[in-house]
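> Here you go, one structure.
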Amino acid sequence: MPIPTPKPAHIVYRTRRFAEMLKWYETVFGTHLVYANDALAFVTFDDEHHRFAFANLDVIAPDGEADEQSPVGVDHVAYDLPSMRGLLEAWEALKTQGIEPYWCVNHGMSASLYYADPDGNQMEFAVDCFATKAECRAYWSGPEIGQNPVGVEFDPDNWLKRLRSGASEVELLAINLDAEVSPLRGRFEELVAS
Ligand SMILES: [Fe+2]
């Protein structure tokens, strides 16, 4: 029997940029501290007791390089959001603080902005392209996924402008299968290149 109804609750990161990471998550997720000592910090952005925790490797394991990461491991963690407009408004605000996505792509069942935190941990903020999860799941069995299994890149600035001039989210989120298949970006891209 599988674990019954597991829902994502929190993510723990090991870091050698303890203060910088806390600040970044505060800026991007609106987190506040619930508990911290020199070695560990716990933060949340909603009614969950903690959504992220950070282990300060400079205290726990002082010998080591700041960017030591291996090719295997977690690639990204994804967050499901209710509206593209809300996501793009946050994109615009974060950009003024120097925080920009490394990949903006419409996967067909969902469209996403991917960001990396100061340590290079990657995350995806995704908005479903269809009104129901059932329609999103059905996308896996349709012909479109075979034609373009990765997605089509989009310009968030262009999408926000179009939304502000009256375009609907449904219109924007409909994937254009004639457009170029996006390359994989982020650490995948780096690994392929190296
Ligand atoms: Fe993803």
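What follows is calculated from the coordinates using simple rules that are stated; it is not laboratory data. Note that this is a predicted model, so its numbers are computed, not measured. Please note: Cβ atoms are built from the backbone with ideal geometry, for glycine as well, and neighbour counts cover all protein chains shown.
> Restricting attention to region 137-144, does a residue exist that is assigned to a helix (DSSP H, G or I), out of contact with any Pro (no Cβ under 8 Å at 6 or more places or on another chain), in contact (Cβ under 8 Å) with a residue 24 or more places away in the chain and surrounded by fewer than 12 Cβ atoms within 10 Å (Cβ to Cβ)?
Yes, region 137-144 contains a residue that is assigned to a helix (DSSP H, G or I), out of contact with any Pro (no Cβ under 8 Å at 6 or more places or on another chain), in contact (Cβ under 8 Å) with a residue 24 or more places away in the chain and surrounded by fewer than 12 Cβ atoms within 10 Å (Cβ to Cβ).
> Considering region 120-139 alone, what residues qualify as being more than 14 Å from the chain's Cα centre (by Cα) and of a type outside the set (S, T, N, Q)?
Within region 120-139, Cys129, Phe130, Ala131, Lys133, Ala134, Glu135, Cys136, Arg137, Ala138, Tyr139 qualify.
> Counting only residues that are farther than 21 Å from Glu189 by Cβ and touching a residue at least 12 places away in the same chain (Cβ under 8 Å), which one in region 91-119 is nearest to the chain's Cα centre (by Cα)?
Leu94
> Can you name the residue in region 65-110 that is within 11 Å of the ligand (Cβ to nearest atom) and of a type in the set (Gly, Ala, Ser) and, of all such residues, is surrounded by the most Cβ atoms within 10 Å (Cβ to Cβ)?
Among those that are within 11 Å of the ligand (Cβ to nearest atom) and of a type in the set (Gly, Ala, Ser), it is Ser110.
> When Glu169 is evaluated against the numbered criteria (1) closer than 15 Å to Arg85 by Cα; (2) in contact (Cβ under 8 Å) with a residue 12 or more places away in the chain; (3) loosely packed, with under 12 Cβ neighbours inside 10 Å, which criterion, by number, is the only one it fails?
It is condition (3) that Glu169 fails.
> Another question, then. Between Ala78, Ala126, which is over 19 Å from Leu177 (Cβ atoms), in contact (Cβ under 8 Å) with a residue 12 or more places away in the chain and out of contact with any Leu (no Cβ under 7 Å at 6 or more places or on another chain)?
Ala78
> Ala41 is checked against (1) more than 15 Å from Thr15 (Cβ to Cβ); (2) touching a residue at least 12 places away in the same chain (Cβ under 8 Å) and fails just one. What number does that condition carry?
In the conditions (1) more than 15 Å from Thr15 (Cβ to Cβ); (2) touching a residue at least 12 places away in the same chain (Cβ under 8 Å), Ala41 misses (1) alone.
> Quick check: is even one residue across region 62-70 within 17 Å of the chain's Cα centre (by Cα) and without any contact (Cβ under 8 Å) to a residue 40 or more places away in the chain?
Within region 62-70, not a single residue is within 17 Å of the chain's Cα centre (by Cα) and without any contact (Cβ under 8 Å) to a residue 40 or more places away in the chain.
> Among the numbered criteria (1) surrounded by 12 or more Cβ atoms within 10 Å (Cβ to Cβ); (2) over 21 Å from the mean Cα position of the chain (by Cα); (3) under 27 Å from Thr27 (Cβ atoms), which single criterion is violated by Arg164?
(1)
> Glu189 is checked against (1) free of Cβ contacts under 8 Å to residues at least 24 places away in the same chain; (2) exposed (fewer than 11 other Cβ atoms within 10 Å of the Cβ) and fails just one. What number does that condition carry?
Going through (1) free of Cβ contacts under 8 Å to residues at least 24 places away in the same chain; (2) exposed (fewer than 11 other Cβ atoms within 10 Å of the Cβ) one by one, Glu189 breaks only (2).
> Name the residues in region 118-166 that are of a type in the set (D, E, K, R) and within 16 Å of the ligand (Cβ to nearest atom), would you?
Of everything in region 118-166, those that are of a type in the set (D, E, K, R) and within 16 Å of the ligand (Cβ to nearest atom) turn out to be Glu124, Asp128, Lys133, Arg137, Glu153.
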